[in-house]
1. How far, in degrees from 0 to 90, does helix 67-79 lean away from the longest principal axis of the Cα atoms of the chain, to the nearest 10?
2. For ASN187 and SER294, compute 0.36 nm times the residue count separating them, minus their Cα-Cα distance, and round to one decimal in nm.
3. Ranked highest first by average number of other Cβ atoms within 10 Å, how do 206-213, 146-153 line up?
4. If you take every residue apart from LEU121 with its C-beta less than 12 Å away from the C-beta of LEU121, what net charge results, scoring Lys and Arg +1 and Asp and Glu -1?
5. Would you mind getting the accessible area per residue of the chain, heavy atoms of the protein chains only, 1.4 Å probe, in Å²?
6. Let me spell out the model: positive unit charges on the Cβ of Lys and Arg, negative unit charges on the Cβ of Asp and Glu, origin at the Cα centre of the chain. What dipole size does that give, in debye rounded to 20?
7. Order of 64-77, 294-307 by packing, highest average Cβ count within 10 Å first?
8. Have a look at GLY316, LEU38, LEU303 and report the one farthest towards the positive end of the charge dipole of the chain, computed about the Cα centre with Cβ charges (Lys/Arg +1, Asp/Glu -1).
Amino acid sequence: MPQQLIFTNDVADALSEALGSISPSSTFIITDTNVESLVLPLLRAESPETVRARKIVTRPGDVNKNLDSLSRIWSDLVAGGANRRSAVVCLGGGVVTDMGGFAAATFKRGIPFINIPTTLLAAVDAAVGGKTGINFEDLKNEVGAFCNADAVIISTRFFRTLPTRELLSGYAEMIKHGLLTGPDTFNRLLAFDILNATPDELLPLLEQSVMVKKQIVDEDPTEHGLRKALNLGHTPAHAFESLALEQGHPVPHGFAVAWGLVVDLILSHMMLKFPSDALHRLAAFVAEHYGAPSITCDDYPALLRLMHHDKKNTDGNIRFTLLSEPGAVKLDDTATEEQITAALDILRDLLHA
């Protein structure tokens, strides 16, 4: 089923209309403790449907996107009398939309759900495109399913509640979409003052970014071809994230993506002659806004091990999405361990300069 995308800052009306098209027998809101206190009261003040809905509240953070949390959501759905005509509203960041969507996709073999992302990262990435799932055995998104939300209501009005780190985390995915689009969009995003933008200034830029993902997903919903373009930066990013989880110091997904984009552009420069000036401009932006990953050369074997485990790999090779220039994508490129470790060396040099 196609995913309905609704771009608006009038969230209550959009939610009322989306639920009206489903006509659920009962409604459940899945959220986390942070969103419950910061965002849900704002929505409930305008939306009678959310006042009547039963809350299911999870613990925040990627470390809690796991089987135990998923099981508690299923249990709460059972306790609340959910049936196949019930609907779920996933109100929160990427952890909530990933895990809540997976809970809805699997409960009673699938019940309707609506995503309302409350973070920039979830709006531009996790809530759109039909990927749901949880982490398992310290591996990112190891268990999940492709399942579209019935609707995704995308708004910037709740972003004022976000810490700077969360706002920047989402912006890394927007920069990725800019790199996939072309030099003009990429340069505009590097010049945009994301930390001081108003909700109304950001909404059209966010819509443009989300539509990049939508067009790709519409052509390849289950990631057999073109959708792999969206993995730009993500082979090293998932390794950075998984290593941080193993070490007990989780990092925001978007920060890992920002570092991963630099790694992939380094490889792109080495293998496809990606322009060095664009690489250095990105690296300067990332160094200023995201800093550098806390890795040393002693961490390289673990990072390589994690990259080898990436779901995109086949025949034992580590696969990357690379660019010959902004907008010119090359899928399923492979790199040797020597090339990857060289890129990690250069990453550390560029971001610590």
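The values are calculated or read from the model by the stated rules, or taken from the named source; none is laboratory data. Worth saying up front: this structure is predicted, and the values here are computed from it rather than measured. Because the Cβ atoms are built from the backbone with ideal geometry, glycine has one as well, and the counts that use them run over all protein chains shown. All accessible areas refer to the heavy atoms of the entire protein, side chains included, with ligands and DNA or RNA removed. Shrake-Rupley method; radii C 1.70, N 1.55, O 1.52, S 1.80 Å.
1. For 67-79 against the chain, the angle is about 10 degrees.
2. Details: separation 107, 0.36 × 107 = 38.52 nm, distance 2.76 nm.
Taking 0.36 nm per residue and subtracting the Cα distance, the gain is 35.8 nm.
3. On the way: 206-213: 20.2, 146-153: 22.2.
Taking the mean over residues of other Cβ atoms within 10 Å, the ranking is 146-153, 206-213.
4. Details: positive: ARG165, LYS176; negative: ASP62, ASP98, ASP125, GLU166, GLU173.
Net of charged neighbours comes to -3.
5. Working: 14420 Å² over 353 residues.
Per residue, the chain has 41 Å² of solvent-accessible surface.
6. On the way: 30 positive and 43 negative charges, 211 e Å.
With only Lys, Arg, Asp and Glu charged at Cβ, the dipole is about 1020 debye.
7. Values: 64-77: 16.9, 294-307: 14.7.
Ranking, from highest mean packing down: 64-77, 294-307.
8. Selected residue: LEU38.
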